[in-house]
Each structure stands twice: as C-alpha cells, then as structure tokens.
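Read through the structure below, which is laid out as structure tokens, and then see the notes.
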Amino acid sequence: MPDCFSDVYCWSLGTAALIFLLLCFKSSRPDGKLEKVHPYRRMVPIIMRSRNESVVYFDAEVRTEKLEAYLARAKEAFGANVTHIAVAGTNLALMQTPTLNRFISGRRIYRRNGRWITFSMKRQKKNRAAKLGVVKLEMDDSETFRGLVERINGKINHERSGKKTSMDKELALFGLVPTIALRVLFKAFLALDYFGLLPGWFMRDDGMFTSVFIANLGSIGMKPGYHHLYEWGNAPIFLMFGAIEDRVIVEDGVMTPARILPIRISYDERIDDGMTAQAGVNVLAKVLSDPERWLGGLEGEGLPMSEIDLSTDA
C-alpha cells in the first residue's frame, strides 16, 4: 500500500477517535445539561441500558370527594377537568422534587432544561375511531392554574380543529420514505440523540422528549394500565389515570364507601431512587385530593405556580 494511503488512513482514524473522545466529554445538549451525581447513581445507566429494563411500576389511589366538588364548579367557571388538574399537580410535583426532572441519554444522567409535560387526547370526542392527539407544554412558574387551563384548552382546540399539526406533517413526510430507509434513518436519529447532537428544533415539538407523559383514560371511562416507557425520546415517567370508582375502604377499622381515582405510574429508576418518586407522587395526590385549596381559581386567578407551597399542612 502506498504511503499516501497509509497516511490518509491513519489521519482519518485519528480524527474519528478524537471526535468520539470529544463527544464522550460533551456535557450539554439542547434539552439538558449533564448532572453531577453520586458515583453509584452514575453507574446505574451503565448497568441498566434501556428505559424498559429500568422501569418500576406502582400504584396510587386518591379520594375524590373534594376533587369532584371542585370540578363541578371549576368546569363551569373556566373549563377545568381532571386532565388539567393532573397536569398542574404533576408540574408542582416536579417543582417540589426537582431530581425527577432528569432524563437518561447516552447512558448519562441529564438535568432537563425547563419542565415539560405531555398528555394525550382524542382528536374527536366520543369517537373511538378518531386518532390520538398529543399536546406538549412547557410549564411557566408565573402562571396560575386558571391561566394553565386556558392555555391547555387553546392547544386542545387547535388539535381538534382539523388543521395539520407539526407532528401530522412529520408523520406524512416519513410515510413517503420506504420502510428499509426509515429504519436506517431512525437508527441515525438514535445515534445523534445518544451523543446529544439531535437538533433542539427537532425535539421541541416531539411529545416523547418530555419530563412526564400523562394519559387520562378516565375521560373515556377506562381503567388505567401499566404503560411501557418509550425508548424513543427521553420521557422517564408515564402516568395513567383511570375512571373514578366507587369502592369500600377501611377507615379506623370501619368499612366506608369512598370515591377513588386510580393512578398507575411507570418510572425509570435510573434518574433517582424510589423514595424520590414516591415524594413526587405524594405531592400529586395532595393536589388531586384537595384542588381548591392548592390551585384555587374559583374566586379570582389563584396563586402563581411558583408561590404554591405544598410543604405545609397549616
């Protein structure tokens, strides 16, 4: 082999090795920054490679007497429903337990830039054949619950307007690509994401690049299931809300009728331990069990999200 070919080969190999080394030390990406964690926590994503290898499933149950009384008034006053309260409660849980707002990419733990919540909905009410719409929102600390409801309803109205969303356009474009080419393209996207090179504009409207994904099956009268975590994107938490049920519970040794909202949680335990996850669920349950106290909005705007303090029961 001529020396020039040998030199080109060595130069190319060295350049590739240098680029790979630089990518390994890259500490930020468009949606997050590398988190400094305990060496044990740093090793967890190395040992458990995928979200579904690392997922933990657990339940929560919330008494809904105060929730239903609040919704009877809030729905008429400003159009609030269980999904709105679930989004607000989840946002407050992320605020109170910020390590839940992490994600795993490239076997490393990142702190997400901003709090993003995604939820699914039917494009057409009461139509089983209608396709699902996905709404992704960045949370605003200065926003009141009433303001959040108005913003969510604006997004829902847009989804149900029949107009093509950015996701519709992307899916239509991918539909033109042959399957084998699509598989290659998908693997290329995964590689870019692994090294933190996926463009911010590509992730911004994708509902899988989010802090939490919420599905309210109660809106269509279904029980909740234990949902898998998607390997595409970086959502580490999936919440499924079911229909409110009549149950009999035991209180102080006495059988008592109760109205219960069942919630099922899928959680990527690589981002933090189960105690942190439970702390976040406790905040969410607290908001759902007494939304008028924590969210307000029936008389005036209510407090901005940043001023709601759930650390006290006083």
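Values quoted throughout were computed directly from the atomic coordinates according to the rules given, and no laboratory measurement underlies them. Because the structure is predicted, anything quoted here is derived from the model rather than measured. All Cβ positions, glycine included, derive from the backbone under ideal geometry; neighbour counts span all protein chains shown.
Over all distinct Cα pairs, what is the inverse of the mean 1/r for the range 249-314, reported as the Kirkwood hydrodynamic radius in Å?
On the way: mean 1/r = 0.0679 Å⁻¹.
This gives a value of 14.7 Å.
Rank the residues His228, His38 as a footprinting-exposure proxy: fewest other Cβ atoms within 10 Å of their Cβ go first. Could the numbers behind the result be given before it?
Values: His228 12, His38 8.
Result, fewest neighbours first: His38, His228.
For Lys26 and Asp140, what is the calculated FRET efficiency with R₀ set at 45 Å and r taken between the beta-carbons, to the nearest 0.05? Mind dumping the intermediate values first?
Values: r = 29 Å, r/R0 = 0.65.
So, using R0 = 45 Å, E works out to roughly 0.95.
Short version: ³J(HN,Hα) in whole Hz for each residue of the range 292-301, in order, from phi by Karplus 6.51 cos²θ - 1.76 cosθ + 1.60 (θ = phi - 60°), x for Gly and Pro, what are they?
4, 5, 8, 9, x, x, 6, 10, x, 6
Pop out the Kirkwood hydrodynamic radius of the chain from its pairwise C-alpha distances, inverse of mean 1/r, in Å to one decimal. Present the calculation step by step, with values, prior to reporting the outcome.
Details: mean 1/r = 0.0464 Å⁻¹.
This gives a value of 21.6 Å.
Give me the one-decimal nm value for the distance between modelled label points at Phe186 and Glu150, 7 Å along each residue's Cα-to-Cβ direction.
Each label point is offset 7 Å from its Cα along the Cβ direction, giving 4.2 nm.
Calculate, for Ala279 and Arg160, the FRET efficiency according to 1/(1 + (r/R0)^6) with r their C-beta to C-beta distance and R0 25 Å; round to the nearest 0.05. Mind dumping the intermediate values first?
Details: r = 36 Å, r/R0 = 1.42.
According to the calculation, E is roughly 0.10.
If I model a spin label at Met255 and Asn113 as a point 7 Å from the Cα along the Cα→Cβ vector, what separation in nanometres do I get?
With each label point 7 Å from Cα toward Cβ, the separation is 5.8 nm.
Which entries of Lys164/Lys223; Lys36/Lys155; Lys33/Lys136; Lys75/Lys286; Lys75/Lys223 have Cα-Cα distances beyond 25 Å here? Mind showing how you got there, number by number?
On the way: Lys164/Lys223 30 Å; Lys36/Lys155 36 Å; Lys33/Lys136 21 Å; Lys75/Lys286 20 Å; Lys75/Lys223 22 Å.
With Cα atoms farther than 25 Å apart: Lys164/Lys223; Lys36/Lys155.
Pulled fully out, how much extra length does the chain show between Ser219 and Val248, if you take 0.36 nm times their separation in residues and subtract their Cα-Cα distance?
Numbers: separation 29, 0.36 × 29 = 10.44 nm, distance 2.26 nm.
Gain on extension, Ser219 to Val248, equals 8.2 nm.
Angle, helix 145-159 long axis vs. longest principal axis of the chain, Cα atoms, 0 to 90°, nearest 10?
With rounding to tens, the tilt is 60 degrees.
For Met43, Met275, Met139, what ranking results if the residue with the fewest other Cβ atoms within 10 Å of its Cβ goes first? Provide the component values of the computation, followed by the final result.
Details: Met43 13, Met275 9, Met139 20.
If I rank by nearby Cβ atoms, fewest first, I get Met275, Met43, Met139.
Multiply the residue gap between Arg293 and Lys66 by 0.36 nm, knock off their C-alpha separation, and tell me the result in nm, one decimal place. Can you show the working numbers first?
Details: separation 227, 0.36 × 227 = 81.72 nm, distance 0.97 nm.
Length difference between fully extended and current span is 80.8 nm.
Sort Leu173, Leu100, Leu192 so that the residue with the fewest other Cβ atoms within 10 Å of its own Cβ comes first and the one with the most comes last. Don't jump to the answer; show the numbers that get you there.
Numbers: Leu173 9, Leu100 25, Leu192 13.
If I rank by nearby Cβ atoms, fewest first, I get Leu173, Leu192, Leu100.
Against the longest alpha carbon principal axis of the chain, how many degrees, from 0 to 90 and to the nearest 10, is the axis of helix 3-24 turned?
Between the helix axis and the principal axis of the chain, the angle is about 20 degrees.
Which number do you get for Rg(Cα) / (2.2 N^0.38 Å) in the range 185-314?
1.35
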